[in-house]
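Worksheet: one structure, shown below.
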Ligand SMILES: Cc1ncc(COP(=O)(O)O)c(C=O)c1O
């Protein structure tokens, strides 16, 4: 007689997952027929014409690669060695003592997200009871991504929403009760979503505190070169790698090279010494192997080609400078416009913060009014992407904000 099994399907217990909030706002924006609509919710850089362009240095590198490429065979589990080596130099600075001592091990990953994931999995393997502390607020994907790796997560205070600045005292107070087994995720520069960065002096103080207490920093550097310049934006990573025994770093070429869809990133771990780094390297590679087997090659090949060629590097630095100057000048002009229009609120923080994002500090009702009455779209937290502004819409956006504030 055949056994009768109850009819249970594999997927029947799945529950509907709400779409990403930002994607929902983008869909509303697309459906809005108003000719003067403005989208400040997007997560990518845009030029004055609203495009997210392929950089010229990238186009040139791609032509060279396509010409020379004679195989699509796998490269390596750790990715393109030329990319890894050039990225390490760019991130830590050529001649950094941690590089010279052989303390750094890295693998190429699918984007900065892949780097966060691989590094997160390595933490779980090395110290399953570790807690990773996220800034309040942080990039919304940090939480699900690191939780999926199996990590215990907690939050530390970071942004003072009333004063629009880093609440350094509150941060230090929290960190002063942490110790070995605590990993603190810090945004290297251009904090997403608040735009408020640590000063070099604050990084130095944290490096000393972490070294003293045995706290491990995990730096997410997704915007190197988009705040001040490549060197200044890496100050935090560099001082941590100098003064602290162990650090993790997740970096990305999505924004500073405009390679978003190519998925280019690097996961690095700085160990106490070269022997431990050699062991860590095998774990980083094995973790990538277990998650996606091999990282995608095209984007990393482009970055390697650019960083190994003086002329292409010079062109990239110029293009990166243009992106950065666009963001910083939009910030200055927008803050001026709001002040000139007699805003009751002090928006001068906009010009002090860095990168693509800041919170305007508007309550939800005003964000909704901006969308429904003025066709100006932003995330409900009032986080805006400055790259969505341009010479023709800035006046209108500033006027709309003043109108909802009254
Ligand atoms: C803070 C932060 N980290 C990491 C990433 C990951 O970028 P990607 O995976 O596209 O390289 C982003 C992207 O928006 C980000 O803002």
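Could you give log10 I(q)/I(0) at q = 0.09 Å⁻¹ for region 74-308, computed by the Debye formula over C-alpha point scatterers of equal weight, without solvent?
Each listed q maps to, in turn, -0.32.
For the chain, just list the percent of Cα-Cα distances falling in each 10 Å bin from zero outward, please.
Spelled out bin by bin, the chain gives 5, 21, 30, 25, 14, 4, 1, 0, 0 percent.
Run the helix sum for the chain: -39,500 (n - 2.57) per DSSP H stretch of 4+ residues, divided by residue count, reported at 222 nm to the nearest 500 deg cm²/dmol.
So the calculated ellipticity at 222 nm is -14000 deg cm²/dmol.
With the contact rule set at Cα under 8 Å and sequence spacing of 6 or more, what percent relative contact order holds for the chain?
Details: 725 pairs, mean separation 101.3, N = 406.
Reported relative contact order: 25 percent.
Working from Cα positions, state the angle (0 to 90°, nearest 10) between the long axis of helix 56-68 and the longest principal axis of the chain.
Helix 56-68 sits roughly 40 degrees off the main axis of the chain.
Where both residues lie in region 73-227, what percent of DSSP beta bridges are antiparallel, nearest 5? Present the calculation step by step, with values, prior to reporting the outcome.
Working: 2 of 16 bridges.
Antiparallel bridges: around 10 percent, rounded to the nearest 5.
Using a 10 Å cut-off around each Cβ, can you sort 121, 155, 191 from fewest to most neighbouring Cβ atoms? Intermediate results must be reported in sequence, preceding the final value.
Working: 121 23, 155 13, 191 27.
Sorted ascending by nearby Cβ count, the order is 155, 121, 191.
Jot down the per residue volume, in cubic angstrom and as a whole number, of the convex hull over the alpha-carbon atoms of region 202-349. Numbers along the way, then the final one.
Numbers: hull volume 23.5 nm³, N = 148.
Given the Cα convex hull of region 202-349, per-residue volume reads 159 Å³.
What fraction of the DSSP beta bridges in the chain is antiparallel, stated in percent and rounded to the nearest 5?
45 percent
Calculate how steeply helix 394-405 sits against the longest principal axis of the alpha-carbon atoms of the chain, using the helix alpha-carbon long axis, and give the answer as 0 to 90 degrees to the nearest 10.
70 degrees
If you line up the long axis of helix 200-213 against the longest principal axis of the chain, both from Cα atoms, how many degrees apart are they, to the nearest 10?
40 degrees
I need 226, 405 ordered by Cβ neighbour count within 10 Å, fewest first. Present the calculation step by step, with values, prior to reporting the outcome.
Working: 226 24, 405 14.
In order of increasing Cβ crowding within 10 Å: 405, 226.
Which log10 I(q)/I(0) values, to two decimals, does region 152-259 give at q = 0.11 Å⁻¹ under the Debye formula with one point per Cα?
Those come out to -0.32, one per q.
The numbers here are math on the coordinates, done by the rules we state, and not lab data. Only a predicted model underlies this, so the values are computations on that prediction, with no experimental measurement involved. Positions of Cβ are backbone-derived with ideal geometry, glycine not excepted, and every protein chain shown enters the neighbour counts.
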